[in-house]
Amino acid sequence: MKVLLCGAFDAAEQAAWQTALQQAMPQAQWLDLPAAQAVPVDVVAAVVANPRRGSLQGLPALRLIQSLWAGVDRLLADTTLPVGVPIARMVDPAMNAAMTETALWAVLSLQRGFYAYARQQHAAQWLQHPQRRADALRVLILGQGQIGRAVAARLAQQGYAVSGWRRDGTPLPPLLAQADIVINLLPLTPQTRGLLDAAFFAALPRGASVVNLARGAHVDDDALLAALDHGHLQHAVLDVFHAEPLPPGHAFWQHPSVTVLPHVAAQTDPSSAAAVVAANLQALQDGGALQHLVDRQRAY
Ligand code: NAP
Ligand code: GLV
């Protein structure tokens, strides 16, 4: 079985993925893009991480596109993707665990005022704030999928009052009105793009905070900055942005009420992810059921 590995990797990442995938599925012939350009017609599967637009064209034997990323918004934006070829996304317990760690760090830091204390240290300011209990903090999670459920379970275990928004449940505004912290874990789709806008922020109680670990395009940046500047929102923890890397002049970099992460809430771990990929390639070879398929109509 010939498998194409293609993505926006640097040389070290490419080597790490080649090694992990080779170990997980030694019987497959792993090709990187330059090598495969000579023999594309035999390729039956492509393992991809934000591949260049058009990379998957002209592969007549292709039967599976396996993403190394959980979110497939950028992949699906490539209008040249071959029609009818199943797309699987990354669902990996190690990724869920990393996302859970990031969410827990953000919520703990907001609960205990650690972002405020970090600001105060820069100003050599000794000032104690009232301590809040975990069970007094209401955390709303947008997206009850693989990651949202894992995050909700961990935060509930830590004692927070956790709720989740699902499409067929309570409408969003009443849930927002009851939230001290909102964590966004939605996929980016036409329905969710721009969801975190001025009306969304206005529906939150004064002093609430926002944690975005999903995609930058979920957020109206100007509306978020206005809500922070007016003191309606207390703090924003942002891992993802409209443009990445976040441009040097962007207001988020210097804003005292914004914590910026460089899209590291969870990085795909080559060894655990390679096992997930191998299981799907094995299913493809054996005629078994492919796992974690993307619904192109829903866009996630
Ligand atoms: P998932 O399993 O597909 O879960 C998505 C959840 O969102 C599902 O519960 C789904 O509802 C819900 N949803 C989708 N559209 C909705 C809508 N219009 N209204 C309400 N709910 C809606 O995805 P996941 O694996 O948890 O990953 C979530 C996202 O995290 C990814 O798409 C990616 O963008 C992001 N991510 C970020 C990082 C990072 O490092 N920052 C790492 C990994 C993932 P249904 O159950 O009804 O389908
Ligand atoms: C990271 O953002 C991912 O979608 O895996």
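The values are calculated or read from the model by the stated rules, or taken from the named source; none is laboratory data. All values derive from a computational prediction rather than experimental measurement. Every residue, glycine as well, gets a Cβ built from its backbone with ideal geometry; the counts of neighbours run over all protein chains shown. All accessible areas refer to the heavy atoms of the entire protein, side chains included, with ligands and DNA or RNA removed. Shrake-Rupley method; radii C 1.70, N 1.55, O 1.52, S 1.80 Å.
In the set Leu233, Leu293, which member is hydrophobic (A, V, I, L, M, F, W, C), open to solvent by 60 Å² or more (accessible area, probe 1.4 Å), more than 13 Å from ligand 2 (Cβ to nearest atom) and touching a strand residue (DSSP E or B) at 6+ places or on another chain (Cβ under 8 Å)?
On the way: Leu233 fails: open to solvent by 60 Å² or more (accessible area, probe 1.4 Å).
When all the criteria are applied, what remains is Leu293.
Taking every residue in the stretch 243-272 that is under 20 Å from Ser209 (Cβ atoms) and pairing it with any residue that is within 16 Å of ligand 2 (Cβ to nearest atom) and part of a loop (DSSP other than H, G, I, E, B), at least 6 positions away or on another chain, the pairs with Cβ-Cβ distances below 6 Å are Leu261/Asp239; His263/Asp239; His263/Val240; His263/Glu244; Ala265/Leu213; Ala265/Asp239.
Once the stretch 190-230 is narrowed to residues that are open to solvent by less than 10 Å² (accessible area, probe 1.4 Å) and touching a His at 6+ places or on another chain (Cβ under 6 Å), the residue that is farthest from ligand 1 (Cβ to nearest atom) is Ser209. Per the listing Val91, Val3, Val41, Val47, the residue uniquely farther than 21 Å from Ala274 by Cα and in contact (Cβ under 8 Å) with a residue 12 or more places away in the chain is Val41.
Total residues in the stretch 56-108 satisfying the condition of being touching a strand residue (DSSP E or B) at 6+ places or on another chain (Cβ under 7 Å), open to solvent by 30 Å² or more (accessible area, probe 1.4 Å) and more than 10 Å from ligand 2 (Cβ to nearest atom): the figure is 3.
Can you list the helices (runs of 4 or more DSSP H) lying wholly within the stretch 1-79 that have 3 or more residues being at pLDDT 95 or above? Outline the logic, then answer.
Values: elements: 11-24, 33-36, 73-76.
Because the criterion is at least 3 residues that are at pLDDT 95 or above, the helices (runs of 4 or more DSSP H) in the stretch 1-79 that meet it are 11-24, 73-76.
Only one of the numbered conditions (1) more than 16 Å from ligand 1 (Cβ to nearest atom); (2) open to solvent by less than 40 Å² (accessible area, probe 1.4 Å); (3) more than 23 Å from Val237 (Cα to Cα) is not met by Gln111, and that is (3).
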